[in-house]
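Below is one structure, written out as structure tokens; the observations come after it.
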Amino acid sequence: MNTVMTLAVALVATILIEYGVLLLLGERRKRVLLSSIVVNILTNVSLNLCLLWVGNGWTALALGECAVVVVEMLWYLYFVRDWKQALVYSLLCNAISFLSGVLFQLLIAIF
């Protein structure tokens, strides 16, 4: 699979996973759900392009993921107006999508 296709698959998977997490957390406001799509396009593409540029080392990945959590928390804060809820949304969405990606990569390596 070429790089553009890999990035597109990662983006779509991230959007679907994080949207689903928000739904599981009980979020029903359309503006919050739709904004999650926008922020994921911004952060996922940016992070993956940065990782392509600087390399996929654990340090770069950890710093990048931390930056994404902060950006998305601030993004959600604008829409939900509650910093605790914004932090929970950002942490859970990103942790679950990250771990899903790790699991997916492990499954590919095994099979």
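The values are calculated or read from the model by the stated rules, or taken from the named source; none is laboratory data. Owing to the predicted nature of the structure, the values given are computational and were not obtained by experimental measurement. Because the Cβ atoms are built from the backbone with ideal geometry, glycine has one as well, and the counts that use them run over all protein chains shown. Keep in mind that these areas ignore ligands, DNA and RNA; they rest on the heavy atoms of the full protein, side chains included. Shrake-Rupley method; radii C 1.70, N 1.55, O 1.52, S 1.80 Å.
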In Å², what does the accessible area per residue of the stretch 51-111 work out to with a 1.4 Å probe?
70 Å²
Candidates Thr43, Thr59, Thr14; GNM for the chain (alpha-carbon contacts under 10 Å) flags as most fluctuating Thr59
Kirkwood Rh and Cα Rg combined as Rg/Rh, the chain:
0.97
Computed magnitude of the charge dipole of the chain (debye, nearest 20; Cβ of K, R +1, Cβ of D, E -1):
340 debye
Once all protein chains are kept in place, Trp75 shows an accessible area at probe 1.4 Å, nearest 10 Å², of 70 Å²
Give me the percent of the accessible area of the chain that comes from carbon and sulfur atoms, probe 1.4 Å, all protein chains in place.
76 percent
What do you reckon, how do Phe79, Phe111, Phe98 stack up by accessible area (1.4 Å probe), largest on top?
Phe111, Phe98, Phe79
